[in-house]
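Below you'll find the structure, written out as structure tokens, and then a few comments.
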Amino acid sequence: MSISKAVTSKITYPDNIGERLQIERLVGATQIVAPSTGNDVVKGLTQTPKSLPPCYFYDDRGSDLFEQICDLPEYYLTRTETTILQLFAGEIAKITGACELVELGSGSSSKTRILLDAYQQLGYPLHYLPIDVSAGMLESSAKQLLEDYPLLQVYALAATYELALAQLLPTQLPSRMICFIGSSLGNLRANECDVFFSQITAALQVGEYFLLGIDLRKPKQILEPAYNDSQGVTAAFNLNMLEHLNHRFQGNFDTTQFEHWAFYNESEHQIEMHLRSVRSQIVELRALNLKVNFALGETILTEISRKFDLNTIKQQLTAQGLLPLHVWTDQNQWFGLLLCQLQA
């Protein structure tokens, strides 16, 4: 996809909020949430076993459902990371000094408020650059932030991480911190992590910062309920991927003929989330000229969520030139927050 230019929309709100907000969609289709060709869908559904990229979770409804997941009683991840941030955001702000906050997969930016509060209390200027595939989520969350932080400047990018990181302009503040919180690193396989870290280093200047949140290894009795909640919100989130494909590619997936299935693969240290066909069926995606056969019980892998060992991830980051300065965890050692600095 060409990214030689971007489409900019300036949003106007009461009290001059629009003067402090820019939202850009990187060039592509009118929807940015996934490559417009659908080649990744064809590849994933024609291989054995079948799989789909997690980016197809995040149309506007999928983003809303994920925000609901974060508030579920079984989903310990958000609560635990939030507690760590509440305890140590002030320390993070003192270490970095005044810096632009870039957040990958910003969603509703709820945890970002903890960081903004810490920088505001130290009297630092507030510059926030959220990146998310859902332009609707970006606009709604940015509007609320600008109402609550009168001195905040927001420059948002509706794009994938790769496209947005390649497009970052030099910051106007003394430094920059790229934030990848919420345990999303777990969605990447080991080789994909190395590529991602190289994209982070390319987007930073020497001395700038990377804030990373990771879910740590723990018993499956704790892990599995977080992905199989009693209210069925995670199941709805998973099944919504099929509705998204229907909309994007003129598909005829019947979500009543698939079921959510998630479990912890102990040998690989990862949660695996699947959609399982409850009968033999044929599904068509007309825009892709694709027909897919499903056997009874056949699955589509929609997401992995790897669980990390702190020492191993610190070694991987250091090998990429991202030196971990501080590591904070909760009292149960369930979650880790790492502040790294790019070395020369």
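Values computed for the structure shown
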read-out: Among the candidates 85, 101, 77, 115, residue that is open to solvent by less than 10 Å² (accessible area, probe 1.4 Å), under 18 Å from residue 183 (Cα atoms) and either part of a loop (DSSP other than H, G, I, E, B) or at pLDDT below 95 (or both); value: 77
read-out: Considering residues of segment 313-344 that are among the aliphatic types (A, V, I, L, M) and open to solvent by 20 Å² or more (accessible area, probe 1.4 Å) only, the residue nearest to the chain's Cα centre (by Cα); value: 327
read-out: Residue list for segment 74-98, restricted to those being free of Cβ contacts under 8 Å to residues at least 40 places away in the same chain and under 15 Å from residue 326 (Cα atoms); value: 89, 90, 93, 94
read-out: Test set (1) under 30 Å from residue 342 (Cα atoms); (2) aliphatic (A, V, I, L, M); (3) in contact with a strand residue (DSSP E or B) (Cβ under 8 Å, 6 or more places away or on another chain) - residue 319 fails condition number; value: (3)
read-out: Residue pairs meeting the criteria (Cβ under 6 Å; at least 6 apart or on separate chains; first in contact (Cβ under 8 Å) with a residue 12 or more places away in the chain, in segment 276-300; second among the aromatic types (Phe, Trp, Tyr) and open to solvent by less than 50 Å² (accessible area, probe 1.4 Å)); value: 277/258; 277/294; 281/294; 283/253; 285/249; 287/249; 288/249
read-out: Unmet criterion (only one of (1) within 30 Å of residue 205 (Cβ to Cβ); (2) in contact with a helix residue (DSSP H, G or I) (Cβ under 6 Å, 6 or more places away or on another chain); (3) touching a residue at least 40 places away in the same chain (Cβ under 8 Å); (4) not charged (D, E, K, R)) for residue 305; value: (1)
read-out: Scan of segment 118-142 for residues that are in contact with a strand residue (DSSP E or B) (Cβ under 6 Å, 6 or more places away or on another chain) and open to solvent by less than 20 Å² (accessible area, probe 1.4 Å), ordered by number; value: 128, 129, 130, 131, 135, 138, 142
read-out: Selected residue [outside any loop (DSSP other than H, G, I, E, B), modelled with pLDDT of 95 or more, over 22 Å from residue 41 (Cα atoms) and among the aliphatic types (A, V, I, L, M)] from 301, 338; value: 338
read-out: Qualifying position, being over 23 Å from residue 193 (Cα atoms), modelled with pLDDT under 95 and in contact with a Pro (Cβ under 9 Å, 6 or more places away or on another chain), among 169, 145; value: 145
read-out: Enumeration of residues in segment 182-202 that are open to solvent by 10 Å² or more (accessible area, probe 1.4 Å) and β-branched (Val, Ile, Thr); value: 195, 201
read-out: Residues of segment 278-291 that turn out to be of a type outside the set (Asp, Glu), surrounded by fewer than 20 Cβ atoms within 10 Å (Cβ to Cβ) and assigned to a strand (DSSP E or B), as a count; value: 4
read-out: Wholly enclosed helices (runs of 4 or more DSSP H) of segment 161-260 bearing at least 1 residues under 21 Å from residue 108 (Cβ atoms); value: 161-167, 220-226, 233-249
read-out: Options 221, 231: the member that is closer than 24 Å to residue 330 by Cβ and open to solvent by 20 Å² or more (accessible area, probe 1.4 Å); value: 221
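Per-residue answers, yes or no, for (1) more than 30 Å from residue 256 (Cα to Cα); (2) in contact with a Cys (Cβ under 9 Å, 6 or more places away or on another chain):
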residue	(1), (2)
284	no, no
289	no, no
296	no, no
303	no, no
315	yes, no
324	yes, yes
327	yes, no
334	yes, no
339	yes, no
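The values are calculated or read from the model by the stated rules, or taken from the named source; none is laboratory data. Just so we're clear, the structure is a prediction, and the values are computed from it rather than from any experiment. As a convention, Cβ positions derive from the backbone with ideal geometry for all residues, glycine included, and neighbour counts pool all protein chains shown. We work out accessible area using only protein heavy atoms, side chains counted, and drop any ligands, DNA or RNA first. Shrake-Rupley method; radii C 1.70, N 1.55, O 1.52, S 1.80 Å.
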